[in-house]
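Report on the structure given below.
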Amino acid sequence: MLEACESNSVSHEDLIDLGKAGLGSCLLGGLLDWLISYSARLVRFINFERTKLPEEILKHNVEEKKKYLQTYA
């Protein structure tokens with residue numbers, strides 16, 4: 001958030017990412033630039049989580065299963 005506030009500008013990449021997320025000018029119109037930039041960062045974080053979180057959960061489950069099998073097998 002601090003980075004978005006400090007830049008106080010909206011990049012072309014921000015607008016593209018927001019558009020892909022379905023957040024267009026109807027929703028964002030009239031907002032301050034830092035808030036639009038912050039929203040774009042949130043969208044990028046959500047997209048990152050969508051790709052990485054399932055992998056991490058699976059990895060964690062495999063590790064837990066190995067520990068369980070070592071303990072009880």
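In region 53-62, the count of residues that are over 20 Å from the mean Cα position of the chain (by Cα) and at positive phi is zero.
Within region 32-60, track down each residue that is within 18 Å of Ala4 (Cα to Cα) and either of a type in the set (Ser, Thr, Tyr) or touching a residue at least 60 places away in the same chain (Cβ under 8 Å) (or both). Across region 32-60, the qualifying residues are Ser37, Tyr38, Ser39. Can you tell me how many residues in region 1-15 are surrounded by 12 or more Cβ atoms within 10 Å (Cβ to Cβ) and part of a helix (DSSP H, G or I)? Matching residues across region 1-15 total 5. Here Glu63 meets each of (1) surrounded by 12 or more Cβ atoms within 10 Å (Cβ to Cβ); (2) in a helix (DSSP H, G or I); (3) out of contact with any Leu (no Cβ under 8 Å at 6 or more places or on another chain) with one exception, condition (1). Leu31 passes every criterion in (1) modelled with pLDDT of 90 or more; (2) part of a helix (DSSP H, G or I); (3) among the hydrophobic types (A, V, I, L, M, F, W, C) apart from (2). For Gly29, indicate whether it is within 19 Å of Asn8 (Cα to Cα), exposed (fewer than 10 other Cβ atoms within 10 Å of the Cβ), out of contact with any strand residue (DSSP E or B) (no Cβ under 7 Å at 6 or more places or on another chain) and without any contact (Cβ under 8 Å) to a residue 60 or more places away in the chain. So Gly29 fits the description; yes.
Of all residues in region 36-60, those satisfying the criterion of being out of contact with any helix residue (DSSP H, G or I) (no Cβ under 7 Å at 6 or more places or on another chain) and either surrounded by 14 or more Cβ atoms within 10 Å (Cβ to Cβ) or among the polar types (S, T, N, Q) (or both) are Leu42, Asn47, Thr51.
When Leu23 is tested against (1) surrounded by 10 or more Cβ atoms within 10 Å (Cβ to Cβ); (2) within 17 Å of the chain's Cα centre (by Cα); (3) modelled with pLDDT of 90 or more; (4) part of a helix (DSSP H, G or I), just one condition goes unmet, and that condition is (4).
The values are calculated or read from the model by the stated rules, or taken from the named source; none is laboratory data. The structure presented is a predicted model; accordingly, all values stated were derived computationally and were not measured. Methodologically, a virtual Cβ is constructed for each residue, glycine included, from the backbone with ideal geometry; neighbour enumeration extends over all protein chains shown.
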